[in-house]
Amino acid sequence: AGDADDFSRRLPAASVVSVPARHNVQEDIPAELAALVRAASGRRSP
């Protein structure tokens, strides 16, 4: 099992989102990451 599977098993109420990025998500896809964080927090775009 992968890390995401382990995480989901340990925290079943958590949301897991897979994105097309490598280790540094904030550097690879910053706009997409910001949109995911905004959506998860319930905030709208500025």
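The values are calculated or read from the model by the stated rules, or taken from the named source; none is laboratory data. All figures in this text were calculated on a predicted structure; none of them were measured in a lab. Cβ: placed from backbone, ideal geometry, glycine included. Neighbour counts: every protein chain shown.
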**Message:** Please go through (1) modelled with pLDDT of 90 or more; (2) assigned to a loop (DSSP other than H, G, I, E, B) for Arg44 and return the number of the only condition it doesn't satisfy.
**Reply:** (1)
**Prompt:** Can you name every residue in region 15-40 that is small (Gly, Ala, Ser) and part of a helix (DSSP H, G or I)?
**Reply:** Ala31, Ala34, Ala35, Ala39, Ala40
**Request:** Can you confirm whether region 28-46 contains a residue that is exposed (fewer than 12 other Cβ atoms within 10 Å of the Cβ) and of a type in the set (Asp, Glu)?
**Result:** no
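Out of the residues in region 15-37 that are charged (D, E, K, R) and over 11 Å from the mean Cα position of the chain (by Cα), state the one that is modelled with the lowest pLDDT. Can you show your working first?
So the first thing to find is which residues in region 15-37 are charged (D, E, K, R), and the list is 22, 27-28, 32.
Subset that is over 11 Å from the mean Cα position of the chain (by Cα): 22, 27-28.
Numbers: Arg22: 90, Glu27: 97, Asp28: 97.
Within region 15-37, the match that is modelled with the lowest pLDDT is Arg22.
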**Message:** Going by what's in this entry, would Pro12 be described as at pLDDT 90 or above, on the phi < 0 side of the Ramachandran plot, in a loop (DSSP other than H, G, I, E, B) and loosely packed, with under 10 Cβ neighbours inside 10 Å?
**Reply:** yes
